[in-house]
Amino acid sequence: MARSVQEEVLEIVATVIEKNKGEIPLDAHLIQDVGADSMMALEILAALEKKYRIAVPEEKLKEMTTVNKIVQMVMAAKKKNK
Amino acid sequence: MPKERKETMKNSFGSEDIKKLIPQRFPFLMIDRVMEASPEKVVAIKNVTASEQFFKGHFPGQPIMPGVLIIEAMAQTGIILYKQIFPNDKVLFLVSVKSRFSKPVIPGDQMVITVEPIKMMSKMGIFKAVVMIEEHKVAEAEIAFGSQDAKSA
């Protein structure tokens, strides 16, 4: 379960940032190390909300710094949904 | 807020009130009237007339409204949507557009532009826009915008 969410999140991040999945280490800082900007973060957030039918508040955007942190956030939000 | 907006059921207003919300002016004001405005949805119309400047060159003898200007109309409607949620925020910049056009827009058409938020935040957002002419969808887009400081943050 956790693994598939991780793969799906990586897929979304890679699509928005326009990089190959292999170029995005799971713990790399997306803005500082991978070259994303905060608008891309917003696009990632919108894609996640649509895919997982979750609502992510604006403050969470700052915490979405790495793929792994996004995965944790998605898992927590999904749990809350149930 | 202008008084007349309270008098109509769905919060519709004309170009003078539109100008209070968006900075674009002739010949770049791409919406004529807002039919409905709320934080969940804005519907605007643009009457496309034969006297539009751009028809002179796009194209001589075969007037077709440029797709980029249809996107401009969607973006301007999007600013109105944003201002329903954050009335005091400054002008924002276009960040990304994913669009699809299905039918040319020609003189005499009335574009009905409907925008709905996908995600709206202070200083940035993404919204969905659909343009209809009568019952036909002519264009749709997903548009992201942000302020300059949001982009560099």
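The values are calculated or read from the model by the stated rules, or taken from the named source; none is laboratory data. In this text the structure is predicted, and so the values were computed from the model without any measurement. Cβ placement follows ideal geometry from the backbone for every residue including glycine, while neighbour counts extend to all protein chains displayed. For the accessible areas, the whole protein counts, side chains as well, though only heavy atoms, and no ligand, DNA or RNA atoms are used. Shrake-Rupley method; radii C 1.70, N 1.55, O 1.52, S 1.80 Å.
Comparing B:GLU135, B:GLU36, B:GLU72 in a Gaussian network model of chain B, where Cα atoms under 10 Å apart are tied by springs, the biggest mean-square fluctuation is seen for B:GLU135. Ligands, DNA and RNA left out, the accessible area of chain B computed with a 1.4 Å probe is 56% carbon and sulfur.
Return the average number of partner chain Cβ atoms within 10 angstrom of each residue Cβ along peptide B:123-133. Write out the running numbers ahead of the final one.
Values: counts 3, 7, 3, 6, 1, 0, 0, 0, 0, 0, 0.
Other-chain Cβ atoms within 10 Å of each residue's Cβ, averaged: 2.
Find the accessible area per residue for the stretch B:15-152; the probe is 1.4 Å, ligands and nucleic acids are left out, and the unit is Å².
Values: 6910 Å² over 138 residues.
Heavy-atom accessible area per residue stands at 50 Å².
Counts of other chain beta carbons within 10 angstrom of each beta carbon in peptide A:36-45 average 6.
Could you compute how much accessible area chains A and B hide from each other, both sides summed, with a 1.4 Å probe? Nearest 100 Å² is fine. Numbers along the way, then the final one.
Working: alone 5410 and 8780 Å², together 13020 Å².
Using a 1.4 Å probe on protein heavy atoms, the buried area is about 1200 Å².
Rounded to the nearest 10 degrees, the inclination of helix A:67-81 to the longest alpha-carbon principal axis of chain A is 10 degrees. Annotation for B:PHE93 and B:SER122: the two label points, set 7 Å from Cα along the Cα-Cβ direction, are 2.1 nm apart. Which semi-axis lengths, in whole Å and largest first, follow from the square roots of five times the eigenvalues of the Cα gyration tensor of the stretch A:42-82? Listed largest to smallest, the semi-axes of the stretch A:42-82 are 14, 12, 9 Å. Note on the stretch B:15-152: Lys pairs 8 or more places apart or on different chains, Cα atoms under 13 Å apart, count 12.
In the elastic network of chain B, a GNM with C-alpha springs shorter than 10 Å, the most mobile of B:GLY57, B:GLY14, B:GLY78 is B:GLY57.
With the alpha-carbon atoms as the only input, what is the per residue convex hull volume for chain B in Å³? Mind showing how you got there, number by number?
On the way: hull volume 17.3 nm³, N = 153.
Residue-normalised Cα hull volume stands at 113 Å³.
The trypsin sites (Lys or Arg not before Pro) found in the stretch B:8-79 that occupy coil by DSSP, while having at most 11 further C-beta atoms within 10 Å, are B:ARG25.
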